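The values are calculated or read from the model by the stated rules, or taken from the named source; none is laboratory data. Because the structure is a prediction, the values reported are computed rather than measured. No Cβ is skipped: glycine too gets one built from the backbone with ideal geometry, and neighbour counts run over all protein chains shown. Surface accessibility is based on the protein's heavy atoms, side chains included, excluding ligands, DNA and RNA. Shrake-Rupley method; radii C 1.70, N 1.55, O 1.52, S 1.80 Å.
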Amino acid sequence: MPLHITKIAFRSESADTLRAWLESHAADGEARLTTRYLPKRADELAGGSLFWIHGGQIVGRSPILGFAETGTGRWWIRLEPRLIAVQPMPRRAHQGWRYLEDDDAPADLDGGDAGATMPTVMLNELARLGLV
């Protein structure tokens, strides 16, 4: 079972803008995020995903391709340039990234990209009410 990480979708206005940013890197074959440190459990993250937090909810995930040095003493988190919709799950804001065990990860939604069917605000409210 792979290990996952969570991260705040910083500077993203919605799941749609996050998806657009990821897809803008499709020609490169990967999207890259910079982090200060290589995760201690990087080997366990093979086959895992980065789960994106927006508006106090996990809204989607991007599969992790691996890690690479930037050449400036930092590391890139290499991601597939796509956002896979998941069951919204409340998650508090945090700095950096946090590990997420596979058993605790939200399930993928059937078909479609995150934010493609409903606005994030509506998904958040439905999740808060226990209807999603």
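Quick one: accessible area per residue over the chain, 1.4 Å probe, rounded to a whole number of Å²?
Ligands and nucleic acids excluded, the result is 58 Å² per residue.
Would you work out if the chain is rounded, prolate or oblate? Take a ≥ b ≥ c from the square roots of the eigenvalues of the alpha-carbon gyration tensor; rounded if a/c is under 1.5, else prolate when a/b is larger than b/c, oblate otherwise.
prolate
Can you compute the FRET efficiency between His94 and Ala20 using 1/(1 + (r/R0)^6), with r the Cβ-Cβ distance and R0 = 30 Å? Round to the nearest 0.05. Mind showing how you got there, number by number?
On the way: r = 24 Å, r/R0 = 0.80.
For R0 = 30 Å, the calculated efficiency reads 0.80.
Once the other residues with Cβ under 13 Å from the Cβ of Pro90 are scored (Lys, Arg +1; Asp, Glu -1), what is the net sum? Working shown, then result.
Values: positive: Arg91, Arg92, Arg128; negative: Asp104, Glu125.
Here the count lands on +1.
What dipole magnitude, in Debye to the nearest 20, does the chain give about its Cα centre under +1 on Lys/Arg Cβ and -1 on Asp/Glu Cβ?
600 debye
Summarise the accessible area of the chain (1.4 Å probe, protein heavy atoms) by the percent that is carbon and sulfur.
Values: 3860 of 7650 Å².
Exposed carbon and sulfur together represent 51 percent of the surface.
When the helices in the chain are scored as -39500 (n - 2.57) per DSSP H run of 4 or longer and the sum is shared across all residues, what 222 nm value do you end up with, to the nearest 500 deg cm²/dmol?
-4000 deg cm²/dmol
What FRET efficiency would be calculated for the residue pair Asp102, Glu125, taking the C-beta separation as r and a Förster radius of 35 Å, to the nearest 0.05? Present the calculation step by step, with values, prior to reporting the outcome.
Values: r = 28 Å, r/R0 = 0.79.
Efficiency, from the Cβ-Cβ distance: 0.80.
Which of the listed residues, Thr34, Thr6, Thr17, is farthest toward the dipole's positive end in the stretch 4-131, when Lys, Arg count +1 and Asp, Glu count -1 at the beta-carbon?
Thr34
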